[in-house]
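Working notes for the structure below.
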Amino acid sequence: MAGKSELLPGTLDLLVLQTLKRAPLHGYGIAQSIKRVSDDVLTVEEGSLYPALQRLLLQGWVKAEWKMTDTNRRARFYTLTAAGRKQLGLEISKFEQMMAAIGRVLADAEEA
Amino acid sequence: MSVWSAMGRLGRKLGVLRRREQFGGELDEEMRFHQEQMARELEEQGMSREDAQYAAQRQFGNATRMRERSHEVMGFQWESVAQDVRFALRQMGRGPGFAVTAVLMLALGMGASTAIFGFVDAALIQPLPYAQPNRLVAVDESETAFPRSNLSRYDYDDWKRMNHSLASLDVYNGTGYLLRMGPVAEPVPAARVSAGFFHTLGVQPILGRDFRPGEDAPGQPKIVMLPYGTWKTRFGGRRDVIGQQVSLSGDEYTIVGVLPRSFAFAPRANAQFWVPMLDRRAGCEDRRSCHDLDGVARLKDGVTEQAALADLKNVAARLAKEYPENIGQGASVEPLTELIVGQVRPILLTLLAGAGLLLLIACVNVASLLLVRAEKRRREIAVRGALGATPARLVRQFVTEGLLLAVAGCGGGLLVAGGLMTLLTRIVPKSMAEGMPFIDIVGLNGHTILFAAGVAVLAALLLAAIPALRMQLSDLHEGLNEGARGTAGRLWRRLGANLVVVELAVAVVLLAGAGLLGKSLYRLLHVDLGFDATHLATDYVMAPGPAYAKPEQDMALYREIQRRVGALPGVTGVGITSDMPIQCDCDTDWIRVPGRPYHGEHNETLERDVSPEYFGVLRAKLLEGRMFTDEDDAQHPYVVILNETMAKRDFPGEDPVGKQIADLGLTPKSVRTVVGVVADIREGALDDPPWPAEYLPIYHAPDTNFSVVARTRGSAAALLPEMVKTMQGITPNPGVYGEVTMEEQASASPTAMMHRFSTWLVGGFAAMALLLCLVGLYGVVAYSVSQRTREIGVRMALGAERSAVQGMILREAGRLAAVGIVLGLFGAVAAAALMRSLLFGVAAWDVPTLAAVTAVLGVSALVASFLPARRAARVNPVEALRSE
């Protein structure tokens, strides 16, 4: 179970949007994808995905439709909208700014 | 964020709202699918089916909570609000006693404060019914004895010409006419005004026209303006009254206009006819030294009151240089509002403060009831918390309950306020209501409802904050723990006890206020009048001009009235006077003592013309010399009787009898010899110090307007109708009006009424406050006892006497009461100092009142805590220990 870590607050939206950028996915798919791509480092309390998805829906950044899965089950698939794409860009640059800032602080600490 | 995206969000939300059921269903399906996928994957990795399902659930998290959060995202909070409301209602339904008590208390507090605010709003907040009322000022002269004294006609003309600060200046004064519309002439009050009066106020007639400039010049046609009330009641509200004639004291006046319904002018509120002042009232307005007018002016744009005052003072100073009789006459300018509501302001604000304090007590009481309930519900709260309710949600439950109570209380409060306002406006006697035109607009309107809503919000915040605060203070989980009661009890005792101290202190303030006001009222009604007011019947006479034009005719009328009224059964004496006592410190004369150095001072003195019998009928005390006799008429040397205050002012350390006084110019026929001194008769308001007064024989200068005072052995009230009828029987018949007994005159005088009004209201508030705070104290002590049953049981098991237990509880209550009372006493003295202007003959720190309040509250507090203390002493230690 080593390497598991809590998500930084506010990054869940970013991860979901980024995940949906590649292809439409259902909730379970999104959770799996995040886990896989992050080499099991980022795990979400998977249920908390759903309030987040409702929030994104409400903002109009994603849209949802019911489709059949490969295993022939009905599931709701989420697709990134144009507004969502724009928002993703925004969130990424915000995140990068923050990372850069944290990096500078750490570098400063090392020099001291 | 553009408007569009906000709209889009709203649209999506509404879309989901419409399909709420579907939303929930889809979400559930989606989450179920997720969990199944997880479980299947785990199963494929080799877990047993059950383990996999369990693991999937754990990893997924609390599904119910996720569902709730998703719902919240979509704006379904109101659903949970509805749950909260339903739950709160169920809670209240389970203990209706609590809900009813709480709502009643809140309704009472809110109702009282809203009703009083209704008056405050009508009098002090809503503008006067004139155009730009804040630019209107009352303009008068001023001198040492009267900071605000009337203008003389000559000074008015000069001020109007010489000032640079007023856009317009107009004057008014009161008068009366004998109106002849039917067979009997009826005396009616009226007002004389300069032609621009209504224009200055910015009032337009609703029918006909305003007076035109110059229509107040001598020789102009006689015209009249009707106020709305007169038009409705006397002329049936007919539109064709314009141009019609009305007979006032024998002269025909043409009606030119009708004033709007909203028009009211408090200084001349009772005027039934408004006429331009065509004549210069003989004997007064033909002299510069006779002041009988009041001014009202509109300030020029950009001119402040202070600038106008400086300007008019300057004008007055220039006139004083020119005319010796103007020496010492300054100017007074104050907002017209001040003239109209200045007197009631301190009373209204005091009442508002009283009602506010009552509301505070009510809220605190309800809050402490809520606290007690919160204590009792610790278990329920803890269980709900353990089952996943967030602290925020639990706090919201309390907030919802507080809000519900506040809303219900506010609704009830509006009902109480409406009723109270109607009641109070009805209680005010008509004569007083006329001077308070704002009374007509008191009622439930936008302002009062807004005020009630504001109060409700504040109350809701308080009611919600206290239990919510308590939730923050104590750890939720403690509730599940059996032994945790002790700490919670301590917390409660600290908070609840403080609340009770606040209540007690506020009750002390209200009780002391009521006590001081009551004592003032008592002092006022028992002030030394200088005569015996019992068994006196009085009325006013207005004799029709043509028939009573000559002094002999007036004299004959006096004698006839005295003969006829004196012959009525029980009547022992009848006196005539120009001015009834307990009216006003007005109708003054300027005098000087011949042979003394003189520097132009006015020596303002009340002038009363009285018949020889007058002092005897009043039973006034003659201190020196003699009373008047029938000989004291125009054919005999002119004489005068002084009151004690005047004797002391003008003849300090001398015997005034035999000395002389005269007018300022020492006119030979004004020189009078003092023949007697009477003890001060209260001529002005009950709370005014006595003024110097001179009494002249009425036979020296008879007049057609006068008052009659009759002493009877029987009831004065019973004599009144008989007296009026008898006087009306004289031919040609004089107008008789304003009949009232002297005692009524005193007890219904505006000063007495104002004091009575505030005493009863504050007294009522205080009584309610006392009741509420005793309920509060009882609740606190009783609850504390119930919380400490176990402790008490232990104490008793260890050998504590029942009396010791009882003493312990009583000591605790006594300490609370003592702290509350002491704090309250400080507050009471401070509050009394603030309402000093309403106190009469009582100091703010009146020791007997404060002692009485302390005693009343102390004893009541003892009684309120005795019952629970006794219950504590009866605790059976075995049961107490077993029950826990």
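Read-outs throughout are calculated quantities, based only on the coordinates presented, and are distinct from any laboratory measurement. Every value quoted in this text rests on a predicted model; they were computed, and no experiment measured them. Every residue, glycine among them, receives a Cβ derived from its backbone with ideal geometry; neighbour counts consider all protein chains shown.
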Original post:
At B:L666 and B:A818, where each label point lies 7 Å from the Cα along Cα→Cβ, what is the point-to-point distance in nanometres?
Top reply: 7.4 nm
Original post:
Using only helices, what value at 222 nm comes out for chain B when you add -39,500 (n - 2.57) per DSSP H run of length 4 or more and divide by the total residues, to the nearest 500 deg cm²/dmol?
Top reply: -18000 deg cm²/dmol
**OP:** Report the full-extension gain for the segment B:R212 to B:H599: residue separation times 0.36 nm, less the Cα-Cα distance, to one decimal in nm.
**Re:** 135.0 nm
Original post:
Roughly how many whole Å is it from the C-alpha centroid of region B:177-233 to that of region B:608-623?
Top reply: 38 Å
Subject >> Peptides ranked, highest mean first, by Cβ atoms within 10 Å: ranges B:629-636, B:558-565 >> reply: B:558-565, B:629-636
Subject >> Cut-off 17 Å, label 7 Å out along Cα→Cβ of B:A843, residues of region B:686-703 by amide N >> reply: none
**OP:** Could you work out how far the C-alpha centroid of region B:633-670 sits from that of region B:811-871, in angstrom?
**Re:** 53 Å
Original post:
By its C-alpha gyration tensor, with a ≥ b ≥ c as the square roots of the eigenvalues, how is the protein assembly as shown shaped: rounded for a/c under 1.5, else prolate for a/b larger than b/c, else oblate?
Top reply: prolate
Subject >> Simple spin-label estimate for B:Y737 and B:D51 in nanometres, 7 Å along Cα-Cβ >> reply: 10.8 nm
Original post:
Rounded, prolate or oblate: which one fits chain B, using the alpha carbon gyration tensor with axes a ≥ b ≥ c (rounded when a/c is under 1.5, else prolate when a/b beats b/c, else oblate)?
Top reply: prolate
**OP:** Just grab the label-to-label distance for B:N314 and B:T629, each label 7 Å out from Cα along the Cβ direction, in nm (one decimal).
**Re:** 6.0 nm
Original post:
Taking the Cβ-Cβ separation of B:A851 and B:A830 as r and a Förster radius of 22 Å, what is the calculated FRET efficiency to the nearest 0.05?
Top reply: 0.80
**OP:** Can you tell me which of B:232-242, B:668-678 comes out highest on packing, and rank the rest after it, using the mean Cβ neighbours within 10 Å?
**Re:** B:668-678, B:232-242
Original post:
Assuming R0 = 25 Å, what is the FRET efficiency of B:L461 and B:V81, from their Cβ-Cβ distance, to the nearest 0.05?
Top reply: 0.90
Original post:
Along the Cα-to-C-beta direction of B:A549, a point sits 7 Å from the Cα; which residues of region B:185-204 have their amide N less than 20 Å from that point?
Top reply: B:185
Original post:
When you look at the Cβ of every residue in A:17-29, what mean number of other chain Cβ atoms sits within 10 Å?
Top reply: 2
Original post:
What is the gain in length, in nm to one decimal, between B:L423 and B:R874 on full extension, counting 0.36 nm per residue of separation less the C-alpha to C-alpha distance?
Top reply: 157.6 nm
**OP:** Would you tell me the mean number of C-beta atoms belonging to other protein chains that fall within 10 Å of each C-beta in B:58-68, as a whole number?
**Re:** 4
Subject >> C-alpha center-to-center spacing [region B:335-373, region B:675-715] in angstrom >> reply: 41 Å
Original post:
To the nearest 0.05, what FRET efficiency results for B:R94 and B:R802 with a Förster distance of 22 Å applied to their C-beta separation?
Top reply: 0.05
Original post:
What cysteines in chain B have no other cysteine with a beta carbon less than 4.7 Å from their beta carbon?
Top reply: B:C363, B:C410, B:C773
Subject >> Averaged over A:50-62, number of beta-carbon atoms from partner chains that fall within 10 Å >> reply: 6
Original post:
Which order do peptides B:719-726, B:161-168, B:868-875 fall in by mean Cβ count within 10 Å, highest first?
Top reply: B:868-875, B:719-726, B:161-168
Original post:
For chain A, what is the calculated [θ] at 222 nm in deg cm²/dmol (nearest 500), taking -39500 (n - 2.57) for each run of four or more DSSP H residues and dividing by its residue count?
Top reply: -19000 deg cm²/dmol
